[in-house]
Amino acid sequence: MGRIGHFAVGLAAKPVAPKVSLGVLFLATWLLDVLAIAFAFAGIEGVKSGIPWSHGLFMSVIWSVVAAFLTARIYREYRAGAVVGLLVLSHWVLDFISHPIPFSSYSWRSWQWSFGNPLPPDLPLLFGGSPKV
Ligand SMILES: [Zn+2]
């Protein structure tokens, strides 16, 4: 999903978690894409292997729990942790609604709109080879 859509969720969460800075809330909503970019550079994810480590449903839940735990420790507040954890997971939910997107294949040459040629699902449930949605 576009950055703006994810950021809107972060903005909406600000009144619920007033202690947490807007930058941290934005980062939480964008965390899965940050991981996707890092994993792509590291060669862990890509055109062939897909995006199971950053955008798989299973790993998204793991990243959410890790982010919630770290945030709760840093801010010494369970609410801050819960909000950040839910924001990380909201990324997957919004991607589920809006994917597949052309650039999820990491190749500008394969840019295409799905006129009569639907793009295949790109969000794995578990890891490589698991069903995608
Ligand atoms: Zn994403």
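Any read-out appearing in this document is the output of simple, stated calculations on the displayed coordinates, not a laboratory observation. Values in this document were obtained by computation on a predicted structure and should not be read as measured data. Backbone-built Cβ (ideal geometry, glycine too); neighbour counts: all protein chains shown.
Given Cα pairs under 8 Å that are at least 6 residues apart, what percent is the relative contact order of the range 1-46?
Dividing the mean separation by the residue count of the range 1-46 yields 33 percent.
In percent, how large is the relative contact order of the range 7-90, given Cα pairs closer than 8 Å and 6 or more residues apart? Write out the running numbers ahead of the final one.
On the way: 102 pairs, mean separation 26.8, N = 84.
Computed over the range 7-90, the figure is 32 percent.
Relative to the present Cα-Cα distance, how much length would full extension add between residue 16 and residue 4 at 0.36 nm per residue of separation?
That works out to 2.4 nm of additional length.
Two decimals is fine: what is log10 I(q)/I(0) at q = 0.15, 0.18 Å⁻¹ for the range 1-78, from a Debye sum with one equal scatterer on every Cα and no solvent?
-0.58, -0.80
Would you mind putting 28-40, 67-79 in packing order, based on average other-beta-carbon counts within 10 Å, highest first? Intermediate results must be reported in sequence, preceding the final value.
Numbers: 28-40: 19.3, 67-79: 15.8.
Per-residue Cβ counts within 10 Å, averaged per peptide and sorted highest first, yield 28-40, 67-79.
With a Förster radius of 41 Å, plug the Cβ-Cβ distance of residue 47 and residue 78 into 1/(1 + (r/R0)^6) and report the FRET value to the nearest 0.05.
Values: r = 40 Å, r/R0 = 0.98.
The calculated FRET efficiency here is 0.55.
Please list, in order along the range 61-77, the HN-Hα scalar couplings obtained from phi with the Karplus expression 6.51 cos²θ - 1.76 cosθ + 1.60 (θ = phi - 60°), rounded to whole Hz, x for Gly and Pro.
So the J values, rounded to whole Hz, are 5, 4, 4, 5, 5, 4, 5, 5, 4, 4, 5, 4, 6, 5, 8, 6, 8.
Taking H as built 1.01 Å from N, whose amide H comes closer than 5 Å to the amide H of residue 123, not counting residues under 5 places away?
Residues meeting the criterion, in which the H sits 1.01 Å from N, are 133.
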